[in-house]
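Enquirer: What follows is a single structure, and I will ask about it in a moment.
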Amino acid sequence: MTKLPMFPLGSVLFPYLPLQLQIFEERYLVMLSRILADEPAEFGVVLIERGQEVGGGEHRFGFGTVAQITQLAASDGFVGVLAQGDRRVEVVEWLEEDPYPEAVIREIPELDWDDDLFPLREEAEKVVRRALALASEFTDQAWSADVELSDDPTAAAWQLAGITPVGPLDQITLLRSNTMEGLLSAVLVCGAAAVESFSSPWSEE
């Protein structure tokens, strides 16, 4: 277990996926100045939700991903940060903010790849690309249906999870997968549900 600066966001970061931020809050600028002294410069990302169920306050999920900074760009009023998702972590304890969020975390073991999973990976990829193609007809999507995936099978599996057009709660479920087979199976299920959801308006006509 170790202490890690944290950046709660309204989105889920997956391993091997990029993250773009515009940092302008003073507390996160302080965080940035401190972590840039380390190599690699990194911070944790967890999903944050706001709602009446938590009194209108802030609710942070206890499961997230470490983001490693790869590029910085200073602009008028903010600092642009490009980072990439690395390893998964679980929050053991939230610490007092001074001035930015910090937590004691433990790293989650990496998922082991087995070449026997290639057929499942290919099936999941077809479904996810189909879902992205359908979703693009209704909403702007961050990822196109022909987005290129990594040649590394583990990286490609996580990338598939990250580009599947589902909501953040489903993304958290994917992120918490315990096995590579479980991850790909969940991606397949989520992708198929997305295909059905985006296909239904046409089938009703």
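Enquirer: Which of the residues spanning the stretch 128-180 are within 16 Å of T65 (Cβ to Cβ) and of a type in the set (K, R)?
Expert: Across the stretch 128-180, the qualifying residue is only R176.
Enquirer: Do any residues in the stretch 27-46 that are within 15 Å of L13 (Cβ to Cβ) and in contact (Cβ under 8 Å) with a residue 60 or more places away in the chain have Cβ atoms under 7 Å from those of residues that are open to solvent by less than 10 Å² (accessible area, probe 1.4 Å) and assigned to a strand (DSSP E or B), where the two are at least six apart or on different chains, and which pairs are they?
Expert: Within 7 Å, the pairs are G44/M6; G44/G64; G44/V66; G44/V89; G44/A103; G44/I105.
Enquirer: Hey, another quick one. In the stretch 61-93, what residues are open to solvent by 70 Å² or more (accessible area, probe 1.4 Å) and within 19 Å of R176 (Cα to Cα)?
Expert: Q84, V92, E93
Enquirer: Another question about this same structure. Testing A83 on (1) touching a residue at least 12 places away in the same chain (Cβ under 8 Å); (2) within 13 Å of the chain's Cα centre (by Cα); (3) in a helix (DSSP H, G or I), one condition comes back false. Which one is that?
Expert: (3)
Enquirer: Give the residue, chosen from L120, L82, that is farther than 21 Å from R34 by Cβ and out of contact with any Lys or Arg (no Cβ under 7 Å at 6 or more places or on another chain).
Expert: L120
Enquirer: Given (1) in a strand (DSSP E or B); (2) farther than 24 Å from M180 by Cα; (3) open to solvent by 70 Å² or more (accessible area, probe 1.4 Å), where does F43 come up short, assuming only one miss?
Expert: Going through (1) in a strand (DSSP E or B); (2) farther than 24 Å from M180 by Cα; (3) open to solvent by 70 Å² or more (accessible area, probe 1.4 Å) one by one, F43 breaks only (3).
Enquirer: Now for a different question. Would you point out the residue of the stretch 107-134, among those that are among the basic types (K, R) and open to solvent by less than 100 Å² (accessible area, probe 1.4 Å), that is farthest from F63 (Cα to Cα)?
Expert: R129
Enquirer: Sticking with this structure for a sec: What is the residue count in the stretch 147-172 for residues that are β-branched (V, I, T) and surrounded by 18 or more Cβ atoms within 10 Å (Cβ to Cβ)?
Expert: 3
Enquirer: Still on this structure, I have one more. Would you be able to tell me the number of residues in the stretch 174-199 that are at pLDDT below 95 and open to solvent by less than 40 Å² (accessible area, probe 1.4 Å)?
Expert: Within the stretch 174-199, residues that are at pLDDT below 95 and open to solvent by less than 40 Å² (accessible area, probe 1.4 Å) number 3.
Enquirer: Can you pull out the residues in the stretch 21-47 that are among the basic types (K, R) and within 15 Å of L4 (Cβ to Cβ)?
Expert: Residue satisfying the conditions is R34 alone.
The values are calculated or read from the model by the stated rules, or taken from the named source; none is laboratory data. All figures in this text were calculated on a predicted structure; none of them were measured in a lab. Cβ sites come from the backbone with ideal geometry, for glycine too, and all protein chains shown count toward neighbours. The area values use the complete protein model at the heavy-atom level, side chains included, leaving out ligands, DNA and RNA. Shrake-Rupley method; radii C 1.70, N 1.55, O 1.52, S 1.80 Å.
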